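Contents: one structure, followed by commentary.
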Amino acid sequence: MVAFTSQRPRLTVLGTGYLGATHAVCMAELGYEVLGVDVDEAKIAKLNGGQVPFHELGLEALLVRNLASGRLRFTTDHAEAARFGDVHFVCVGTPQKKDSLAADLTYVESAVLSLARHLDRRALVVGKSTVPVGTAERVEAVLHANSPAGNEVEVAWNPEFLREGFAVEDTLRPDRLVFGVKSGWAKDMLDATYRGVFELARAEDREVPVVVTDFATAELVKVSANAFLATKISFINAMAEVCEASGADVTELARAIGYDVRIGSAFLRAGVGFGGGCLPKDIRAFRARAAELGVGHALDFLSEVDKINDRRRQRALDLATELAGGSLAGVKVGVLGATFKPNSDDVRDSPALAITAMAHQAGAVVTVYDPQGTDNARRALPDVAYASSLDEAADGAEVVLLLTEWEEFRHVEPLALAEVVARTRIVDGRNCLDPAVWRAAGWELRLLGRP
Ligand code: UGA
């Protein structure tokens with residue numbers, strides 16, 4: 001049975017980025033006492049003050065409510081975390097290394113070591129970060145070697161599948177849970193930790209399937225899920241290339257194949273491709289790890305997936321150049337969207353921002369508007385102008401590039417926009433506009449994968 005006195009274990013969450021902050025807040029919302037931990041003092045001060053340091057729908061209201069309830073706090077003190085927690089979640093980032101495809105595990109190692117030094121009683125350390133297979137074993141070795149409680153400290157791997165923009169919903173109502181464990185105690189602790197999730201599901205007449213497995217499988221589930229999603233997107237974008245060469249329409253093709261339940265219609269939206277802090281670096285780290293394991297050839301196709309994805313960025317730029325009459329030099333370009341997807345302020349590996357940088361490189365005079373991502377975009381790409389509204393970005397533009405499918409852009413009125421621009425020419429990089437309506441309003445339109 002579980003070895004804690006209260007009904008529910010006390011939780012800590014190491015790392016308060018997109019994943020950790022959301023996890024900490026949502027677990028508090030489910031009734032747990034939670035302590036969030038980060039080395040970034042400014043971030044911790046913000047969170048303790050009721051401010052979420054990034055844009056995620058609905059998260060700030062839950063943060064404020066749970067701070068007020070007294071169940072949720074944030075600290076930079078690992079000793080306090082070790083005293084407080086029965087279960088410690090590791091949610092730090094695993095970005096791509098600067099000089100290779102592999103994942104940088106520095107933050108995982110330092111978070112685990114900082115905690116280990118203070119762990120003097122039985123506890124469960126649960127990895128949630130996306131890591132190369134084999135990391136859980138290393139984490140366990142670090143904990144056993146450095147914790148005063150030694151082998152009393154156990155490890156579990158519990159990958160996270162939340163999507164930015166739906167993070168709260170995905171955390172409270174996950175479509176599955178994966179528990180990589182070595183002991184019955186670890187499994188019982190995870191059951192107790194997720195009791196709130198199971199109770200919510202029961203109240204809503206749902207079930208949350210749980211896959212109980214070993215460390216390696218749990219680690220691989222996460223990267224293989226993201227590899228599959230990236231492959232699905234690149235598959236449809238490869239079809240877009242063939243459609244472009246043959247005069248076919250990739251959106252109709254996607255709709256038609258998506259009716260086959262074995263294929264499914266999700267993640268078949270052709271456009272400028274995938275980006276973000278997860279899919280791009282995860283497929284690269286997966287390839288690097290497979291190569292280390294001597295099975296690099298098994299994942300050679302992921303290199304193609306990456307290349308197809310990159311080619312879409314060039315294609316969008318080529319369409320803009322074509323619309324501009326063969327050169328972007330000196331051409332006023334209004335860019336709609338900077339984030340890697342709507343309802344996020346995240347610009348990491350964003351196709352929109354990459355294409356914007358390429359247009360700027362080609363000599364275009366670029367003004368960008370994004371509903372939430374401007375601050376992050378400006379930091380990543382300071383050399384272009386940023387507008388505070390759609391109209392301001394489009395004002396006097398000779399070509400408009402729609403690169404992130406925010407609601408605001410999907411519903412823009414083509415006749416109204418025509419009043420603002422210098423030339424009615426637009427590239428729809430996300431296939432989110434109705435070409436018939438835009439053409440009827442006098443726009444010259446270029447699309448990816450469609451005539
Ligand atoms: C992704 C996964 O979907 C999550 O399950 C996973 O937990 C997360 O990574 C992670 O590893 O943490 P996320 O990065 O939030 O989530 O974004 P997605 O919704 O997967 O979108 C990724 C990119 O693919 C975006 O740039 C989006 O515009 C693009 N995309 C998506 C397409 O181009 N076409 C599609 O049909 C779908």
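The values are calculated or read from the model by the stated rules, or taken from the named source; none is laboratory data. In this text, all values refer to a predicted model and were calculated from it rather than measured experimentally. Methodologically, a virtual Cβ is constructed for each residue, glycine included, from the backbone with ideal geometry; neighbour enumeration extends over all protein chains shown. Surface areas here come from the heavy atoms of the whole protein model, side chains and all, with no ligands, DNA or RNA. Shrake-Rupley method; radii C 1.70, N 1.55, O 1.52, S 1.80 Å.
Observations on the structure shown:
- Scope region 273-305; condition among the aromatic types (F, W, Y) and either within 12 Å of the ligand (Cβ to nearest atom) or not in a helix (DSSP H, G or I) (or both); matching residues: F274, F286
- The single condition among (1) within 10 Å of the ligand (Cβ to nearest atom); (2) part of a helix (DSSP H, G or I) that R313 does not satisfy is (1).
- Of A320, A329, A290, all but one fail to be surrounded by 24 or more Cβ atoms within 10 Å (Cβ to Cβ) and either over 30 Å from T22 (Cα atoms) or assigned by TED's automatic domain parsing to the domain that holds F54 (or both); the exception is A320.
- Residues being surrounded by fewer than 17 Cβ atoms within 10 Å (Cβ to Cβ) and touching a strand residue (DSSP E or B) at 6+ places or on another chain (Cβ under 9 Å) - total across region 433-451: 2
- The C-beta contact set for region 15-44 (first residue of a type in the set (F, W, Y), second residue within 16 Å of the ligand (Cβ to nearest atom) and open to solvent by less than 10 Å² (accessible area, probe 1.4 Å), distance under 7 angstrom, 6+ apart or interchain) comprises Y18/A167.
- Tabulated pairs, region 145-160, first open to solvent by less than 10 Å² (accessible area, probe 1.4 Å) and polar (S, T, N, Q), second within 16 Å of the ligand (Cβ to nearest atom) and assigned to a loop (DSSP other than H, G, I, E, B), C-beta under 8 angstrom, 6+ apart or interchain: N158/K128
- If you filter region 207-248 down to residues that are within 16 Å of the ligand (Cβ to nearest atom) and more than 21 Å from the chain's Cα centre (by Cα), you find that the one that is surrounded by the most Cβ atoms within 10 Å (Cβ to Cβ) is A240.
- Residue within region 102-123 that is closer than 27 Å to G184 by Cβ, of a type in the set (A, V, I, L, M, F, W, C) and surrounded by fewer than 20 Cβ atoms within 10 Å (Cβ to Cβ) present: no
- Whenever a residue of region 312-327 is modelled with pLDDT under 95, it has no partner that is loosely packed, with under 13 Cβ neighbours inside 10 Å lying with C-beta atoms less than 6 angstrom away and at least six residues away or across chains.
- Only one of L101, L162 that is in a loop (DSSP other than H, G, I, E, B) and more than 16 Å from the ligand (Cβ to nearest atom): L101
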